[in-house]
Amino acid sequence: MESLRSKNYKRDFVTTFPGDESGNLTPRQTPGVLYSKAIPTPVEKVTLLAWSDELAAELGMQKPTEQQEVDILGGNLVTDTMYPYAACYAGHQFGSWAGQLGDGRAITLGEWETIAGKTFELQLKGAGPTAYSRRADGRAVLRSSVREYLMSEAMHYLGVPTTRALSLVTTGEPVLRDMFYNGNAAYEPGAIVMRVAPSFLRFGNFEILNSRKETDNLKNLVNWTIDRYYPHITGNDKVLTWFTEVVERTASLMVEWQRVGFVHGVMNTDNMSVLGLTIDYGPYSFVDDYDPDFTPNTTDLPGRRYAFGKQPGIAYWNLGCLAAALLPIVEKDKLLPALETYKEVYWRKYYQMMGNKLGLDKVTNEDTTLITQFEQTLTAIKPDMTMFFQLLIDLPLYVGSTQEVADHFKDSLYEDLKPEESELLFNLITNYLERLNRNTITRSASQELMRKTNPRFILRNYLLHQAIEELERGENQLFLKLQQALKEPYSDKFDEFFQTRPEWASQKAGCSMLSCSS
Ligand code: AMP
Ligand code: MG
């Protein structure tokens, strides 16, 4: 076990690529460089609020025992071997080119190498301004930091590829935020999360180099990314093979989001990981009542570009932006077919995943019709997605009447079913039971598959909202409880949370819709 303070950090990224070493934190354009040095701005007092023991164990890292180590988690101490920097990237935001963005409030301190030889970037979010802070303050509030900390760990335990969170600290400093973008700014407690990932590189890191016509930098970044994160890719056409794998990983990630009902909320190309990880937790939400048009992000209205059901198509659009950024180094005639593999990969994996959710032995062409019927019926009756699939696991194998079916799913419903809705549900369940009859696996094997695929505990926004309100009052009971529950999302151990979103939360800010203000 090594300590944060005595660790010999690696700095491969900054020694490989050109950077602005001045340490100047004035917001500016930084042509020609991939990063700018950014020393964290010290805060009043760093207090440890949460620490992820499991992640620390994976890294071979000791929990801080003294204040100086805690100080590292809040940017108040930078050790000799660290090289703090903010990465320069661009992005397409809400469908339009936004030019240079960059890490405006994220600072990578260094690369932590494990005994097994794997490296992870340690990155502070909210540690003060960088060259990319534009007009903002480089800080983060407790509310958004708790959301990032808990949700990245929740996604990890759900089995969804994601960046991780090691620690959450408060800064003892207030941060001014206009949460509703309505001119009523107020001070909120400041906080900092230490995020961990093999790399935080985004599509936007490549887009900026293409937009600036820095072809050598682009070529070098792509080759470095392949050598370091895709070492199995060798031979000719390396870049094309790599892009094809990014397409595949992104498609897989979208299938995973659809599986658990996760809506990211801000799928701009600067929030798309080139490793296929869920990255940048902002105004995200799980789907409560099933609705493909649901977006949790108030900034995403009225267009609903980033709604639940649109995510797979948006990911494809974003991959198109990445492909465009690679045009100077790969032939268009090869890139386009690689991009097109997205659809085949996505649908194949999607139907496989849905087959697992439904406990099917395999998915035939006929089954895709049944899966579509599930989507249409859920969209029509809007049950709680998580609870519906849980109740499906224990469906009796014989149902006599429409009422019996409606009763079985009663706990998952937000509103009483109209007669025609009950009919739709009855038809669906009748078809489903017929299909289960033809399963070549046992009923218990089928149920086991469903239990592994359908989460029972999800970190709903209203729960986060309550935990945050408590923390702001200095209590941490719910926070600690959620931290435990998210580690066992497929068990019934935390069934106290097995209920639909309560009525009071349906219109409340922070529980159903969120702004980007964080
Ligand atoms: P996001 O929508 O959170 O992915 O952020 C988009 C861009 O805004 C990124 O370049 C962020 O670094 C930057 N940004 C967001 N919030 C802040 C902040 N409080 N201070 C500085 N930059 C920020
Ligand atoms: Mg972002």
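The values are calculated or read from the model by the stated rules, or taken from the named source; none is laboratory data. The shown structure was predicted, so the numbers you read here are calculated from the model rather than taken from an experiment. Here the Cβ is made from the backbone with ideal geometry for all residues, glycine too, and neighbour counts use every protein chain on show. Areas reflect the complete protein model, heavy atoms only, side chains present, ligands, DNA and RNA absent. Shrake-Rupley method; radii C 1.70, N 1.55, O 1.52, S 1.80 Å.
On C-alpha positions alone, give me the angle between the axis of helix 238-260 and the longest principal axis of the chain, in degrees, nearest 10.
That works out to roughly 50 degrees.
Sorted by accessible area with a 1.4 angstrom probe, largest first, how do 408, 264, 232 fall?
Highest to lowest solvent-accessible surface, that is 232, 408, 264.
Once a ≥ b ≥ c are taken as the square roots of the eigenvalues of the Cα gyration tensor of region 183-281, is the result rounded (a/c under 1.5), prolate (a/b larger than b/c) or oblate (a/b not larger than b/c)?
The shape class here is prolate.
Quick one: order 224, 97 from most to least accessible surface, probe 1.4 Å.
Ranked list, largest accessible area first: 97, 224.
If Rh is defined by the Kirkwood formula over all Cα pairs and Rg also comes from Cα, what ratio Rg/Rh do you get for region 365-438?
My calculation of the ratio gives 0.92.
Please give the Cα centre distance for region 364-414 versus region 319-350, rounded to the nearest Å.
Centre-to-centre distance over Cα atoms comes out at 36 Å.
Write down the accessible area per residue of region 373-467 in Å², having rolled a 1.4 Å probe over the full set of protein chains.
For region 373-467, the per-residue accessible area is 46 Å².
Probe radius 1.4 Å, ligands and nucleic acids ignored: give me the carbon and sulfur share of the accessible area of the chain as a rounded percent.
Carbon with sulfur: 50 percent of the solvent-accessible area.
Computed over the Cα atoms, what is the radius of gyration of the chain divided by 2.2 N^0.38 Å, N being its residue count?
Cα Rg divided by the expected 2.2 N^0.38 Å: 0.99.
Over 27 Å between C-alpha atoms is what I'm after, so list which of 452/481; 382/452; 118/362 land there.
In this structure, 118/362 exceed 27 Å between Cα atoms.
Defining a contact as two alpha carbons under 8 Å apart and six or more residues distant in sequence, what relative contact order in percent does the chain show?
That works out to 13 percent.
Accessible area per residue for region 204-355 in Å², computed with a 1.4 Å probe and the full protein assembly in place, what is it?
Heavy-atom SASA per residue in region 204-355 reads 35 Å².
Starting with the highest mean, order 332-339, 80-87 by the number of other Cβ atoms within 10 Å, averaged over the residues of each peptide.
Output ranking for 332-339, 80-87: 80-87, 332-339.
Find the accessible area per residue for region 42-142; the probe is 1.4 Å, ligands and nucleic acids are left out, and the unit is Å².
38
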